[in-house]
1. For the range 378-436, what is the largest minus smallest coordinate of the Cα atoms on each principal axis, given in angstrom and ordered from greatest to least?
2. Please check which bits of the range 265-289 a label hung off T304 would reach, taking the label as a point 7 Å along Cα-to-C-beta and the cut-off as backbone N under 18 Å.
3. With respect to the cross-link table entries K193/K308; K446/K482; K81/K450; K142/K196, which display a Cα-Cα separation exceeding 27 Å?
4. Any idea which of V189, A290, V199 is furthest toward the positive side of the dipole for the chain, if Lys and Arg beta-carbons carry +1 and Asp and Glu beta-carbons -1?
5. Please state, rounded to one decimal and in Å, the Kirkwood hydrodynamic radius that the range 392-544 gives when every pair of distinct Cα atoms enters the mean of 1/r.
6. Using 1/(1 + (r/R0)^6) with R0 = 25 angstrom and r between the beta carbons of K129 and S103, what's the FRET efficiency to the nearest 0.05?
7. Please work out, to two decimal places, the log10 of the ratio I(q)/I(0) at q = 0.10, 0.11, 0.18, 0.22 Å⁻¹ from a Debye calculation in which every Cα of the range 84-191 carries one identical scatterer.
8. Beyond 22 Å between alpha-carbons counts as too far, so tell me which of K315/K366; K171/K350; K30/K397 fall in that bin.
Amino acid sequence: MQSFDAIVIGAGFSGISQLYQLRQLGLSVKLFEKAADVGGVWYWNQWPNATSDTPSEVYRFSWDKEDLLTYPWPTHVLPQKETQAYMNHVVERHNLRPHMQFSSELKSAAFDNSDSKWTIQFSSGETYKTTYLVLATGRFNKIAFPSIPGKEKFAGEQYHTGRWNEHRDLKGKRVGLIGTGSSGAALLVGLAKEVKQLVSFQRSAQYVIPNNNSPVSAEYRDNVNKNYDEFFKNVRGCGVGSGFAPVPADYTTFSVSEEERERVFEAAWNHVWGLAFTFDTFSDIMTNEAANRELVKYFRKKITQIVKDPVKRDKLLPPPETLYDKRPVCSSGYYEAFNQDNVDIVNYKKTPWVAITEKGIQTTEKEYELDVIIYATGYESDGTWADIDITGPDGTKLSEHWAEGSTSYLGLVKAGFPNLFFVIGPQSSLANIPQHSQFHGEMIVKLISKAEQMKKEEAAAANKNNTVLIDATQQAEDDWVKLCNAVIQQTVYYGGGSYFFSDYNTPRKPKSGRHVLWFMGGFDKYVEKVEEAVGAYRGFTFVH
């Protein structure tokens with residue numbers, strides 16, 4: 001059976017970054033990916049208008065600045081094809097493809113106490129051994145479907161945005177789009193001008209913020225290139241890992257006049273990145289409910305100004321008491337699309353659906369006849385980890401530990417599962433994914449480097465070559481999860497129905513209370529805490 005020092009699962013941003021960094025240590029490393037090529041979520045999400053909502057210049061790797069400096073990007077917000085093309089550029093430039101195997105899905109991993117290694121099995125039937133197993137499978141992987149009876153009866157085409165890896169011609173068709181999160185909002189804009197009829201079925205009306213995309217000027221690009229190191233220092237010091245300068249703590253919503261507040265909100269609405277409302281307006285938007293309501297009042301005014309049809313407008317406006325307390329949804333032209341005669345909206349809280357029929361979708365109000373149904377209903381919020389058959393040293397399954405919600409120490413490791421690492425695992429920071437995965441890669445490399453050094457020292461002293469097991473204490477994990485729960489309770493997010501929690505969009509629900517899946521204290525604070533803990537190896541154990 002072939003063996004590697006490390007095996008990485010997943011060829012998105014996280015997996016590519018981890019493969020590169022582990023090879024820099026001189027380890028034998030193999031990456032496996034279930035898709036046919038690199039890209040991760042950007043391989044599977046090839047639907048019309050699929051775009052990132054992160055600035056293009058930070059939606060990159062930073063471990064080799066030449067990757068960024070020598071590769072052009074045309075716009076501030078990148079479409080799917082540009083993002084995947086950049087990943088391919090990195091892979092080819094660093095000759096990583098020979099160390100990758102595609103169309104190979106991880107089916108099981110079991111820790112073998114006899115040799116202190118993981119035995120890995122893939123859908124291809126192949127089996128491998130590895131000392132270190134890195135799961136870079138991503139948070140946006142296992143697709144979720146709504147519970148609507150009758151899906152099997154529909155005579156037309158059915159697709160999910162999370163598995164859209166090929167061209168689909170929808171021109172002139174009647175399309176029902178279920179879901180108004182990030183994918184649904186962007187796809188609606190992409191489809192509105194090409195389909196015959198587009199009906200958006202929403203569970204909850206969203207506050208959708210425009211990404212006012214524009215070309216990257218030569219002057220802007222030159223400034224980033226010349227100030228690269230300072231630029232990425234600011235990215236690490238940003239609450240969402242996107243380079244926004246910190247808002248002074250005393251610059252709060254009610255510290256300014258109503259006119260100034262309006263000016264700040266209007267500037268954010270016209271900003272190139274929709275995330276500006278959360279991180280580039282006032283310091284208390286996400287912690288003060290009254291401040292949050294001021295922002296909501298502004299959003300409602302903008303929606304009312306844009307959407308002309310009062311019936312559609314009523315469905316697109318969230319209830320007045322609804323806070324801006326979910327993952328921000330960003331898509332330019334979303335509300336404007338509903339001014340087209342061929343675009344309609346159905347709120348299935350007001351007119352519940354009954355079933356999917358042979359002809360389309362039946363609600364309590366009417367039957368919508370459709371040629372295509374698209375599910376833009378996202379992913380299970382704790383990824384695919386719990387669905388992989390992972391067995392620890394004591395014979396316990398990872399899924400058993402996570403029956404009421406997934407937990408980890410720092411988003412990196414799970415107590416009791418040695419030499420198993422997550423890239424952006426449970427209780428990681430909610431932040432720009434490529435920069436977050438780069439940071440996690442650095443921390444994993446630091447932990448593995450210590451284990452490899454201990455291994456060499458023992459071999460030199462005792463002529464042995466035993467594997468060093470990296471684990472976390474259960475107390476350290478419990479304390480980290482408690483901290484994450486305490487942090488989110490200080491924000492408006494705690495009361496929202498968002499994928500920030502394990503009681504939303506996942507079958508792994510806590511029996512009582514809420515179980516947070518993200519550290520919501522800001523990426524900058526997260527980086528500080530994790531660097532301090534890993535730097536001192538606090539909460540970790542290293543055992544021969």
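1. 36, 25, 16
2. 265-266
3. As for pairs spanning more than 27 Å Cα to Cα, those are K81/K450; K142/K196.
4. V199
5. Roughly 16.4 Å, rounded to one decimal.
6. FRET efficiency, K129 to S103: 0.75.
7. -0.53, -0.63, -1.11, -1.30
8. Correct reply: K171/K350; K30/K397.
Throughout, read-outs are computed from the coordinates displayed, never taken from laboratory work. Since the structure is predicted, the reported quantities are computational estimates derived from the model, not experimental observations. Cβ atoms come from the backbone with ideal geometry, glycine included; neighbour counts cover every protein chain shown.
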